[in-house]
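Asks: Input: one structure, supplied below.
Computed from the coordinates by the stated procedures, all read-outs in this text should not be read as laboratory data. Treat the numbers as computed from the prediction; the structure is a model and nothing was measured. Methodologically, a virtual Cβ is constructed for each residue, glycine included, from the backbone with ideal geometry; neighbour enumeration extends over all protein chains shown.
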Amino acid sequence: MEQKKGKPQEEISFLDREEDNIFYEVHTIHVQKIGTVPVAKGDFGRLPLKAQKFIAKWIQVCNPRALYICDGSQDEANEVIHKLEERGTLHRLKKYENNFIARTDPADVARVESKTWICTDDKYDTVPHVAQGVPGILGKWCSPKDAKQYLENYTGCMAGRTMYVIPFSMGPIGSPLSKIGIEITDSNYVLLCMRIMTRVSHDIWNLLNASNEDFVRCVHSMGVPRPSQRKTINHWPCNPEKLFIGHFPSRKEICSFGSGYGGNSLLGKKCFALRIASTIAKEEGWLAEHMLIMGITNEKTGKEVFVAAAFPSACGKTNMAMLTPTLPGYKVRCVGDDIAWMRFDETGQLYGINPEAGFFGVCPGTNHKTNPNAMETCLKNSIFTNVAETQDGGVFWEGLEDEVDPNIGITSWLNQPFRIGNPGKAAHPNSRFCCPAGQCPIIHPRWEDKKGVPISALIFGGRRPTGVPLVFETFSWEHGVMVGACVKSEATAAAEFTGKKIMHDPMAMRPFMGYNFGKYLDHWLSLNKAPNKVPKIFHVNWFRVDEDGEFLWPGFCENIRVLEWIIRRCEEGSDDIGLKSPIGYLPRKGSINLEGLDKPVKWDELFSLPKHYWEDDMAESKRFLQLQVGEDLPEKVKQELDAQEKRINEELFA
Ligand code: GTP
Ligand code: SPV
Ligand code: MN
C-alpha cells in the first residue's frame with residue numbers, strides 16, 4: 001500500500017504489548033509471526049484501546065503486509081476502486097455514473113448455509129433440545145473445540161495482503177437502537193460493499209471512546225495468502241474448500257473465512273444484524289428480524305401506516321419494500337428492504353429501524369415494470385455482482401429483455417458471449433446489485449430517524465405454489481407467532497440449495513437464527529404484555545399457481561391491493577371485510593380492490609382452502625415443530641397448533 005506523502009510510517013510493535021498476549025491465550029490460535037506491520041493509512045495509536053487490542057490480535061494471527069484503517073471518505077473509495085479496476089476485479093460500466101461490475105469465481109456465488117455455524121459452549125444455547133437421531137435444521141451448532149480447527153486456517157491467511165479495518169454502525173450513527181461493529185477484511189471488494197451497506201465513518205472511534213459500548217468483532221478473510229496456492233479465477237480470490245462462517249455470541253465475534261460473496265462476507269448483514277443481533281435482542285428485550293419496513297400513505301386522509309414483512313431470501317422483500325402503487329391515492333415509501341430492528345417504547349408502541357444503509361438486491365426479475373425504484377436506485381454509485389454486461393457498458397439479466405436492444409451483444413456472468421434467446425442464463429440467478437439506500441427515489445424521509453418508525457402490522461410470507469391463499473389475518477399475537485413458525489417456502493438461489501423443494505423457514509429466520517429457536521418463540525410470545533400494544537400479524541403468498549403453473553396473482557406493484565386490505569383491517573370497524581376461516585380471517589369476496597387489473601383474477605382459486613391440503617399441511621407442520629423444536633416448543637405454540645388442527649378438521653371450508 002502506498003504511503004501518503006509527508007506522513008511518517010507508523011509501525012505497530014507487538015512484543016511490548018502485554019494485553020495482546022492475554023488475548024492470544026484466550027483464543028489459542030497459533031501465531032505465525034510476532035513483529036511489526038506498516039500502517040498504510042490511519043492512526044493506530046489513537047484508536048480506542050479495545051479496538052487496538054482486537055486489531056492487534058488479528059494482525060498477529062493473520063500476518064498481513066500492511067494495515068489500512070478506513071475512514072469512510074470519498075478519497076478512500078476512489079483509491080480502492082482505482083486499485084480494483086487496475087487488478088481487474090471491478091470493471092466500470094460506462095453507461096452509468098460510477099457503477100461497476102464484478103464477476104466472482106463461479107464457486108463463490110451465494111450464502112453457504114452448510115458452512116455457517118453458531119459456536120456456544122452449551123449446544124442448547126444454539127439449537128433446540130431434539131430427540132436423539134433427529135438431524136436438526138434449526139440452527140447449526142459447532143463446539144468451540146471443533147471451531148478451533150477452522151480458526152487455525154487464519155494463521156498467516158493475509159500474508160502479502162493488506163488488512164482493512166472498517167469501523168461501522170448498524171443503524172443511524174448514535175441512535176440508541178444502533179450497534180457498532182468493526183470488520184477486519186483482506187478484501188477491498190468487501191470494503192467497497194460495506195461502505196454502501198453500512199455506515200462507515202471515522203466518528204465510530206469517537207463513539208467507542210466516549211461510551212462504554214462494546215462493538216461486534218467481525219473478522220473476514222478470503223483465505224488466500226500470497227503467494228497463492230490456489231488458482232485465482234476472475235480476479236476473485238476465495239477458498240471454498242476451507243469455508244467457515246462462525247459466530248461466537250458470547251464474545252460478539254464473527255469469523256468468516258473463504259468466501260467474498262454477500263452474506264458470507266459483508267458481515268454487518270446476516271451475521272451481525274440477524275444472527276448476533278438476535279442474541280443481543282433477546283437479552284435486551286427487542287427483535288432483530290429478516291423484515292422489510294415500508295410506509296403506506298393514504299393520500300386522501302394523509303394517514304401513513306408502517307408495516308414490516310418477513311419473507312425468506314429471494315421471496316419478494318425488496319420488491320415489496322419499494323413498490324410503485326398501481327392503486328390511485330396511495331403513496332409508498334421505503335424504510336428498509338431486508339432487516340428490521342424493532343422495540344416497544346415505554347407507551348407500548350412498536351418502533352423499527354433499518355440497520356442497513358444500502359440494498360443488496362436480487363437482480364433477475366428486477367426491471368422498470370416490476371421494480372422501477374430499484375432500477376433508479378442503482379443508476380449510480382453501485383456495484384453489480386455476477387450480472388451480464390451489454391456491449392454499450394450497461395447491465396443485463398433475466399427480466400431485462402424488454403429494456404435492451406434485442407440484437408445487442410452481451411457478455412454473460414461467466415464471461416461468455418450471449419444473445420437474448422440463447423439457452424442458459426446471462427446472469428447468475430443470485431446476481432445482486434449493491435446500492436446506497438439513500439438514492440432510492442422513494443426512500444422515506446424518516447428512514448434514518450433515530451427512534452425508528454411506528455409499526456402497525458407484521459406480515460409473514462413465502463413461496464407457496466399451492467394451497468395457501470393470497471392473504472389472511474391471524475386471530476391473535478399467539479396465533480400469528482404459530483403461523484410465523486410454520487412459514488415454508490420454495491428453495492431459491494440465495495443459498496446453495498437447488499431445485500424447487502419446499503422448505504421450512506420459520507419466521508423467515510431459519511438460516512439467520514442466533515440462538516435456540518424454542519427460546520426465540522418464547523421471546524416473541526413474551527412481548528405480548530402490558531403496556532405493549534402488539535401489532536396484528538398477517539400472512540401473504542404472492543406465488544400461488546393454477547394447474548398450468550401460471551401465477552394466480554400479478555404480484556409486484558399490484559401487491560398494494562393486498563396492503564390496502566391489510567391496512568383497512570388494522571383500522572377500527574373493518575369487521576365487514578374479513579371472513580373467519582379455520583386458518584384466520586380471509587378477505588370477504590370483493591373486499592380487495594381488483595379494478596384496473598390487466599387480467600381478471602380467479603378469486604375462488606386464489607383464496608380456496610383445499611381441506612386435504614390443509615389437513616396434511618397442519619399435520620406436517622406440527623410434526624416438524626415437535627421434531628425440530630422438541631421440548632423447547634412453547635406450550636402456547638402447541639396449543640395454537642392443536643386449535644388450528646381442530647378448526648381444520650371440524651369447520652366448513654371456503
Ligand atoms: P433477498 O434479498 O434474498 O432477501 O430477497 P428478497 O426477499 O428481497 O426478494 P426480492 O424482492 O429481491 O425478489 C426475489 C425474486 O422474486 C425476484 O426475482 C423477483 O422478481 C421475484 N418477486 C418479487 N416479488 C414478486 C411478486 O410479487 N410476484 C412474483 N411472481 N415474483 C416476485
Ligand atoms: C439473503 O439471502 O437473504 C440475502 C442475500 O439478502 S445475502 O446478503 O447474501 O445474505
Ligand atoms: Mn434478504
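Asks: Rounded to whole Å, give me the distance from the Cα center of the range 393-435 to that of the range 528-602.
Replies: 35 Å
Asks: Sort 79, 547, 631 so that the residue with the fewest other Cβ atoms within 10 Å of its own Cβ comes first and the one with the most comes last.
Replies: 547, 631, 79
Asks: Arrange the following residues from fewest to most other Cβ atoms within 10 Å of their Cβ: 201, 187.
Replies: Placing the least packed residue first, the sequence is 201, 187.
Asks: What list of ³J(HN,Hα) couplings, whole Hz, do you get for the range 464-475 from phi and the Karplus terms 6.51, -1.76, 1.60, once you set θ to phi - 60° and write x for glycine and proline?
Replies: Residue by residue, the range 464-475 yields 10, x, 10, x, 9, x, 3, 7, 8, 9, 7, 7 Hz.
Asks: In what order do 141, 58, 413 fall by count of nearby beta-carbon atoms within 10 Å, going from fewest to most?
Replies: 141, 58, 413
Asks: Which entries of 589/646; 145/242; 179/242; 611/646; 50/179; 501/646 have Cα-Cα distances beyond 20 Å here?
Replies: Checking Cα-Cα distances, 589/646; 179/242; 501/646 exceed 20 Å.
Asks: Note down the magnitude of the dipole of the range 282-431 about its Cα centre, charges +1 on Lys and Arg C-beta and -1 on Asp and Glu C-beta and zero elsewhere, to the nearest 20 debye.
Replies: About 240 debye.
Asks: Taking the Cα centroid of the range 357-390 and of the range 246-303, what is the distance between the two, rounded to the nearest whole Å?
Replies: 21 Å
Asks: For the range 341-445, state which trypsin sites (Lys or Arg not before Pro) are in a DSSP loop and have at most 14 other beta carbons lying within 10 Å of their beta carbon.
Replies: Taking the range 341-445 and a limit of 14 other Cβ atoms within 10 Å, the loop trypsin sites (Lys or Arg not before Pro) found are 369, 419.
Asks: Expected output is a single nm value to one decimal: the length gained when fully extending between residue 75 and residue 631, i.e. 0.36 nm times separation in residues minus the C-alpha distance. What is it?
Replies: In short, 194.7 nm is gained.
Asks: Let me ask another. Apply the Karplus parameterisation 6.51 cos²θ - 1.76 cosθ + 1.60, with θ equal to phi minus 60°, to every residue of the range 601-609 and state each ³J(HN,Hα) to the nearest whole Hz, in sequence, with x for glycine and proline.
Replies: Per residue, the Karplus-derived 3J(HN,Hα) values read 9, 7, 3, 4, 6, 5, 10, 5, 10 Hz.
Asks: Would you mind calculating the gained length between residue 501 and residue 228 on full extension (0.36 nm times residue separation, minus the Cα-Cα distance), in nm to one decimal?
Replies: Residue separation times 0.36 nm, minus the Cα-Cα distance, leaves 94.5 nm.
Asks: Based solely on its DSSP helices, what 222 nm [θ] is calculated for the chain when runs of n ≥ 4 H residues each add -39,500 (n - 2.57) and the sum is averaged over all residues, nearest 500 deg cm²/dmol?
Replies: So the helix-based figure for the chain works out to -7000 deg cm²/dmol.
Asks: Can I ask one more? Measure off 7 Å from each Cα along the Cα-to-Cβ vector at residue 405 and residue 597, then give the distance between these two points in nanometres to one decimal.
Replies: In this crude spin-label approximation the distance works out to 3.9 nm.
Asks: Still on this structure, I have one more. Quick check for me: using +1 on Lys/Arg Cβ and -1 on Asp/Glu Cβ, what's the dipole size of the chain about its Cα centre, in debye to the nearest 20?
Replies: The calculated dipole for the chain is roughly 1000 debye.
Asks: Let me make sure I get this right: for the range 470-564, a, b and c are the square roots of the gyration tensor eigenvalues over alpha carbons, sorted descending. Under 1.5 in a/c it's rounded, otherwise prolate if a/b > b/c, else oblate. Which is it?
Replies: Note, shape of the range 470-564 comes out oblate.
Asks: If you don't mind, another one. Given R₀ = 56 Å, what would the calculated FRET efficiency be for residue 526 paired with residue 148, taking r from the Cβ atoms and rounding to 0.05?
Replies: With R0 = 56 Å, the Cβ-Cβ based efficiency is 0.95.
Asks: For the pairs 380/451; 317/536; 41/148; 303/451; 270/369; 303/331, note any where the Cα-Cα span goes beyond 21 Å.
Replies: 380/451; 41/148; 270/369
Asks: Amide H neighbours of residue 475 under 5 Å, at least 5 residues apart or on other chains, H built in the peptide plane: list them.
Replies: Amide H neighbours of residue 475: 480.
Asks: I would also like to ask the following. For residue 98 and residue 134 in the same chain, what is the full-extension length gain: residue separation times 0.36 nm, less their Cα-Cα distance, in nm?
Replies: Answer, rounded to one decimal: 7.9 nm.
Asks: Given labels modelled 7 Å from the Cα in the Cβ direction, how far is it in nm from residue 574 to residue 612?
Replies: 3.6 nm
Asks: Moving to a separate point now. What list of ³J(HN,Hα) values in whole Hz, one per residue of the range 116-127 in order, does the Karplus curve 6.51 cos²θ - 1.76 cosθ + 1.60 (θ = phi - 60°) give from phi, with Gly and Pro shown as x?
Replies: After applying 6.51 cos²θ - 1.76 cosθ + 1.60, I find 10, 10, 10, 10, 9, 4, 8, 3, 7, 6, 9, 10 Hz.
Asks: Once amide H atoms are placed 1.01 Å from N in the peptide plane, what residues at a sequence separation of 5 or more from residue 216, or on another chain, have their amide H within under 5 Å of its amide H?
Replies: For residue 216, whose amide H was placed from the backbone, the distant partners under 5 Å are 180, 181, 182.
Asks: Let me ask something additional. With each label point set 7 Å from Cα along the Cα-Cβ vector, what nm distance links residue 212 and residue 86?
Replies: Those two pseudo-labels are separated by 4.7 nm.
Asks: Counting only residues 5 or more places away or on other chains, whose amide H sits under 5 Å from the amide H of residue 579 once H atoms are built in the peptide plane?
Replies: For residue 579, whose amide H was placed from the backbone, the distant partners under 5 Å are 586, 588.
Asks: Does the chain classify as rounded, prolate or oblate by the C-alpha gyration tensor (a ≥ b ≥ c root eigenvalues; a/c under 1.5 gives rounded; else a/b over b/c gives prolate, otherwise oblate)?
Replies: prolate
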